[in-house]
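Let me begin by presenting the structure, written as structure tokens, before commenting on it.
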Protein chains: 2
Amino acid sequence: MALLVQKYGGTSVGSVERIKNVAERIAEFYRQGHDLIVVVSAMSGVTDQLLQLASQLHPEPSEREIDVLLSTGEQTTIALLSIALHALKIPAVSLTGAQAGIVTDGKHTRAKILNISPKRIKELLQQRNVVVVAGFQGQNVEGHITTLGRGGSDLTAIALSAVFHAECCQIYTDVEGVYTADPRIVPTARKIDEISYDELLEMAASGSKVMQARSVEFAKKFKVPFEVRSSFTNVAGTIVKEEVSAMEKVVVRAVSLEPSQAKVTILGVPDKPGIAAKVFCRLAEAEINVDMIVQNISDHGLTDITFTVHKNFLKKALVALESVVSEISAREVRATEGIAKLSVVGIGMRSHSGVAAKLFSSLAEAGINVQMISTSEIKISVIIDEKEGKRAAQIVHDAFQLNNPL
Amino acid sequence: MALLVQKYGGTSVGSVERIKNVAERIAEFYRQGHDLIVVVSAMSGVTDQLLQLASQLHPEPSEREIDVLLSTGEQTTIALLSIALHALKIPAVSLTGAQAGIVTDGKHTRAKILNISPKRIKELLQQRNVVVVAGFQGQNVEGHITTLGRGGSDLTAIALSAVFHAECCQIYTDVEGVYTADPRIVPTARKIDEISYDELLEMAASGSKVMQARSVEFAKKFKVPFEVRSSFTNVAGTIVKEEVSAMEKVVVRAVSLEPSQAKVTILGVPDKPGIAAKVFCRLAEAEINVDMIVQNISDHGLTDITFTVHKNFLKKALVALESVVSEISAREVRATEGIAKLSVVGIGMRSHSGVAAKLFSSLAEAGINVQMISTSEIKISVIIDEKEGKRAAQIVHDAFQLNNPL
């Protein structure tokens, strides 16, 4: 029988009833003879409650202490889930991140996993225990508790899968898998059976909320295939793995839409080396996450630089640019809100031409104006009016026939 | 400046506001130049909530997992208190029991502290940090999380005081100290300035709820003087320490009353060796906590054995006795509820006669009947009608003039 790593997110363990359901599911796999490492998050809402307490005590609580505080969330869940498994006569032992041998660097609230000492988990598995591990947390070499940041429990599951050469890593969540588009936006969206790491990565960067890009990159790096599936149904999910040649037959895998964007254009920028560096270093110092950047060829030694940010960062971005604009002798800065980014993603694009043409013409036929374009090897993104976002996503989804099963 | 160990109980850290108040108090001591190790409990109510969750999953949750679960309570408090101290510009670092080097045996939910590795705390103190330690918890040599059972945070504080030779160990609670009687029962009760370990131990065994006997025994064993005081006022509390000869001047230190008792008499027991052992072994097997035991001289080879238990254990005790009664050929078993135990405690009793006489006559004058008597070197206990308990406590308190300051 195989070794499975399963990860259950906060919604899946959000109540006593749900913890019982998760225990039933684990018990079923256990009784089939599988070895199981189960990674859990804090019960949904708990992390926010704890942060709320901390914020009442200090406007900027120490990151070290936030890690001590937040790590109690998963610790609570591992104990409760183990107890629920005992009630089903399944031997189970809980381990905190530190106990599980998860060693991280010292960057509190956003630590990186450095290595995992497998000894303790290995022993517990050999004694036929389900090993229930607290996700999202570890300890650094000095023994301080650390947390891994957003999507940290997925990281824990994938790292454990890599170290223990798990046959399968199942990421249980509240959706049934990865879809060709967000079903709330495109009702005809279809669940994808298999997708490559790179495609999911491009989707994560394009507003798809299934998984943090970080966890997917980590899985890619360590070649850990995983399945995204729902803890509320028994339906097979989406397998995420290294690309195989058959995957290239599908030119576009999915459409994603990221609303609430804003664009900023710096007009009349002298076309000299180091100008763009100056602009984006200043934005980086201000911790502004810039998404698309477009610069066209210059005219009479002057050019325009446009970039997009989430609209929540627009004000901060404009403040950060104030001084730099005169430093680089640019003419002026213009900002627009109310835009959305629409992307099509697919590794098949590399070997198929005409994807861009089809995308642009389908939007043009519907009278939707394309304001900016940016491409990667396996993705084409366009900026459109936010009000047209939903309609555009449906049109593009149809144009690439994503509702048809393969 | 001195090293202080302070312990704050669940009520003292029961809300964000109270944690802020505790931080203010600690900050004041810190600014005076003291080194501080602060031990905290879980916020009041948290432990019960966690146990409630566990009980919904399993009627008898695994003790190992209960320890993993409950230890999150103190871990939450250490982080929050450290954050509150930072808000007052006081450097503070939190440590879980395991991080603080508290090594226990492996008896989950009632572990004993085996030793404390002082290295980490010492370093943090040398860097002038307030070290905030999670009470009630530790880890065993295999790295499993353990908890110390009831009163465990007091134990942590006293053990740390012993290891670090603290100048003073302050146990902050919701009462101002140890009283000559429970002020809710005897309104003229007075706070005691100094009391010996043995006196407090006898009081703990007699229903005084200030501290668990276990923590007092531990303090006595390691000769750690401590102060019980309130976290809500700035009034000096009660110093608990080894007895000094001046203490003997006070014949009776305090009166305590334990209501809700029941007595069980086994009548017509053959006066042979091994009979009492048989009875009380059977009760111990059934985990019944027997308090007073009285056996008088025998008459015609038969004797009566009487013992008291908390009334909640009466039914269980009678069930446990059923078989043993015929085994030892006793005549019958009689049980009475509605009784209370009144005790007077004082190390001065050892060198002063007439305490028993004064106790019995004061009760007799008030028409209160004494049903059973039991004595130790520094305590006399009597069983009386529960309905007379409050009046009796007041009468005895007056008789020994406990309301007069020394």
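Annotations
- Qualifying residues in region B:134-143 (those that are buried (at least 20 other Cβ atoms within 10 Å of the Cβ) and within 12 Å of chain A (Cβ to nearest Cβ)) - the one nearest to the chain's Cα centre (by Cα): B:Gln137
- Cβ separations smaller than 7 Å between residues 6+ apart or across chains give no pair from region B:208-233 residues that are in the same structural domain as B:Lys112 (by TED's automatic domain parsing) to residues that are in a strand (DSSP E or B).
- Checked against (1) part of a helix (DSSP H, G or I); (2) more than 10 Å from chain B (Cβ to nearest Cβ); (3) open to solvent by 40 Å² or more (accessible area, probe 1.4 Å), A:Met1 passes all but a single condition, namely (1).
- Test for A:Thr303: is it over 30 Å from A:Val396 (Cα atoms), among the polar types (S, T, N, Q) and open to solvent by less than 60 Å² (accessible area, probe 1.4 Å): yes
- Restricting region A:155-175 to residues that are modelled with pLDDT under 95 and within 16 Å of the chain's Cα centre (by Cα) leaves a set whose member that is nearest to A:Ala134 (Cα to Cα) is A:Thr173.
- Residue selected from region B:109-147 under the condition in a helix (DSSP H, G or I) and charged (D, E, K, R), by the criterion farthest from B:Ala87 (Cα to Cα): B:Lys119
- Residue count for region B:76-88, restricted to those that are open to solvent by 10 Å² or more (accessible area, probe 1.4 Å) and either in contact with a Lys or Arg (Cβ under 6 Å, 6 or more places away or on another chain) or facing another protein chain (nearest Cβ under 7 Å) (or both): 3
- Hits in region B:156-178 - residues which are assigned to a loop (DSSP other than H, G, I, E, B) and of a type in the set (Phe, Trp, Tyr): B:Phe164
- Within region B:244-283, tally of residues that are under 27 Å from the mean Cα position of the chain (by Cα), surrounded by fewer than 18 Cβ atoms within 10 Å (Cβ to Cβ), assigned to a loop (DSSP other than H, G, I, E, B) and among the charged types (D, E, K, R): 0
- Against the test of being of a type outside the set (D, E, K, R), open to solvent by less than 40 Å² (accessible area, probe 1.4 Å) and at pLDDT below 90, the options B:Ala189, B:Ala213, B:Ala181 yield a single qualifying residue, B:Ala213.
- B:Thr72 being closer than 29 Å to A:Asn129 by Cβ, at the interface with chain A (Cβ under 10 Å from one of its Cβ atoms) and open to solvent by less than 10 Å² (accessible area, probe 1.4 Å): yes
- A count restricted to region A:311-332 and to residues that are open to solvent by 50 Å² or more (accessible area, probe 1.4 Å) and farther than 27 Å from A:His397 by Cα stands at 13.
- Put simply, of A:Ser62, A:Ser55 the only residue that is more than 7 Å from chain B (Cβ to nearest Cβ) and of a type in the set (Ser, Thr, Tyr) is A:Ser55.
- Condition met for B:Ala92 (crowded, with 24+ Cβ neighbours inside 10 Å, facing another protein chain (nearest Cβ under 7 Å) and under 30 Å from B:Arg128 (Cβ atoms)): no
- Options B:Ile384, B:Ile378; residue that is at pLDDT 95 or above and out of contact with any Pro (no Cβ under 7 Å at 6 or more places or on another chain): B:Ile384
- Criterion violated by B:Thr308 - all others in (1) open to solvent by less than 70 Å² (accessible area, probe 1.4 Å); (2) in a helix (DSSP H, G or I); (3) under 21 Å from B:Ser381 (Cβ atoms) satisfied: (2)
- If you go through region A:389-406 and keep only what is touching a residue at least 40 places away in the same chain (Cβ under 8 Å), open to solvent by 40 Å² or more (accessible area, probe 1.4 Å) and within 18 Å of A:Pro259 (Cα to Cα), you end up with A:Lys390, A:Gln394.
- Yes/no for B:Val103 being outside any helix (DSSP H, G or I), among the β-branched types (Val, Ile, Thr) and within 8 Å of chain A (Cβ to nearest Cβ): no
- Verdict on A:Gly135 being touching a Lys or Arg at 6+ places or on another chain (Cβ under 7 Å) and modelled with pLDDT under 95: no
- Residue in region B:32-51 that is small (Gly, Ala, Ser), within 18 Å of A:Gln75 (Cβ to Cβ) and within 14 Å of chain A (Cβ to nearest Cβ) present: yes
- Of the residues making up region B:4-45, those that are of a type in the set (Val, Ile, Thr), surrounded by fewer than 20 Cβ atoms within 10 Å (Cβ to Cβ) and over 20 Å from A:Leu50 (Cβ atoms) number 1.
- Every residue from region A:114-129 that is open to solvent by less than 30 Å² (accessible area, probe 1.4 Å) and under 26 Å from the mean Cα position of the chain (by Cα): A:Ile116
- Residue match in region B:337-344 (condition: among the hydroxyl-bearing types (Ser, Thr, Tyr) and either loosely packed, with under 15 Cβ neighbours inside 10 Å or not assigned by TED's automatic domain parsing to the domain that holds B:Lys278 (or both)): no
- Take the conditions (1) free of Cβ contacts under 8 Å to residues at least 24 places away in the same chain; (2) open to solvent by 20 Å² or more (accessible area, probe 1.4 Å); B:Gly152 misses just one of them, which is (2).
The values are calculated or read from the model by the stated rules, or taken from the named source; none is laboratory data. Since this is a predicted model, take the numbers as computed values, not measurements. Ideal geometry is used to build each Cβ from the backbone, glycine not excepted, and the neighbour counts take in all protein chains shown. Remember, those area values only see protein heavy atoms, side chains included, never the ligands or the DNA or RNA. Shrake-Rupley method; radii C 1.70, N 1.55, O 1.52, S 1.80 Å.
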